[in-house]
Amino acid sequence: MKIYFCDICNESIPLQDLETGAAITVKGKVICRTCNPAGGTRMAAPAGGAGRAAAWAFLAFLAAAGASIGYTRFRERDLDQRLRGQAEGVRGDLTPALAKVREGLASADERLERSERRLGEIAQSFEEGSRLAEKEREEGRARFERVQSYIRENEELKHRLERLEIRQSAFDEGIGRLTAAVEGVRHDLSTAAAVNVGTPPAGTQPSPATPEKREDGLAPTVQALVDKLKDADASVRWDAVSQLAQAGNPRVVPFLVPLLKDEDDFVRHNAALTLGELDARSAVPALLDSLGDGNAIVRDSAITALRRITRQNIKFDPHASKEERDRALKAWRQWWQASGEKFLSG
């Protein structure tokens, strides 16, 4: 069975349309029902030669128009096919590139995720390191405070030992003086007996002279230590202060107060502690000045002495900042201004 196609629209034509005249054939060109200007009805040829010529001319025009429309549609289909082919080619060329771009983006996302995880680990490690550092800092501060406490205890024990040694020396000196006095009494008794009998006692010795005292009432041994407070050697001054602390004689306070301005830090430190042990109330103003000393160990000994003498517990941290120390010193001075006179007379 032969299949016909319209030469205008290129649509298939049913055989029935050709048989009924709905589709026509003009000069070998087949025109379908849709493209047939007669509306699908068989056209009757007009009568006469002129009518036939006009009909043939009209049919020729229709055939030409149909051919033009068919060619145009053919060109459109051809152009559409070529454009589709070009689009498919471009799509084929772009597909690998797009695939690589997607792979690159996936790889970048993966690297970014790894970087974020690494940053999280670093941040966590930093936080752990900070906590450990803070813990070590606290432990170090605690160890330092323990060492400072041991140093103070050691100094206190050393001072006690030195005081015991001085007291032992004073005791031995007293025993010697007592022995000499006893011998003097024996000598006097022997002399009196000799006078009564007219003969001097045999083997008698003159009584030893008693130790001289200075006008300020200091024993020679204590005065010798006071003289050492002016020695050029700082170690000699420090040792003299320690021995005077052991002697426990409050009359040496006026000689110790100037040492709070000594050029040696340890001499100032030792002098402040000794004034506290001697309960030197008159030294409170000088000890208040020592709270502003440039060395923390001197400030520490000064506040220790002040609390021991005054029984006041006004806050003062010798290791705090200068601003905090100045505020605490101001509080101490205000107390002294308000209560110092009563404290000294009490």
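The values are calculated or read from the model by the stated rules, or taken from the named source; none is laboratory data. Just so you know, these numbers come straight off a predicted model, no measurement behind them. Cβ atoms come from the backbone with ideal geometry, glycine included; neighbour counts cover every protein chain shown.
The table below lists the values:
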read-out	value
Any chance LEU273 is touching a residue at least 40 places away in the same chain (Cβ under 8 Å), more than 15 Å from GLU155 (Cβ to Cβ), in contact with a helix residue (DSSP H, G or I) (Cβ under 9 Å, 6 or more places away or on another chain) and among the hydrophobic types (A, V, I, L, M, F, W, C)	no
Any hit, the range 261-277, residues being part of a helix (DSSP H, G or I), modelled with pLDDT of 95 or more and over 23 Å from GLN148 (Cα atoms)	yes
GLY104 vs. criteria surrounded by 10 or more Cβ atoms within 10 Å (Cβ to Cβ) and either in a helix (DSSP H, G or I) or hydroxyl-bearing (Ser, Thr, Tyr) (or both)	yes
Close pairs (6 angstrom Cβ cut-off, 6 or more residues apart or separate chains): assigned by TED's automatic domain parsing to the domain that holds THR72 and part of a loop (DSSP other than H, G, I, E, B) in the range 8-22, exposed (fewer than 13 other Cβ atoms within 10 Å of the Cβ) and at pLDDT below 85 anywhere	GLY21/ARG42
Enumeration of residues in the range 313-332 that are of a type outside the set (A, V, I, L, M, F, W, C), touching a helix residue (DSSP H, G or I) at 6+ places or on another chain (Cβ under 7 Å) and surrounded by 15 or more Cβ atoms within 10 Å (Cβ to Cβ)	PRO318
Unique residue being over 30 Å from SER242 (Cα atoms) and under 31 Å from the mean Cα position of the chain (by Cα) when the list is GLU136, GLU110, GLU103, GLU145	GLU136
So PHE255, is it over 25 Å from LEU225 (Cα atoms) and either surrounded by fewer than 22 Cβ atoms within 10 Å (Cβ to Cβ) or not basic (Lys, Arg) (or both)	no
Tally, over the range 287-328, of residues that are more than 30 Å from the chain's Cα centre (by Cα), assigned to a helix (DSSP H, G or I) and aliphatic (A, V, I, L, M)	8
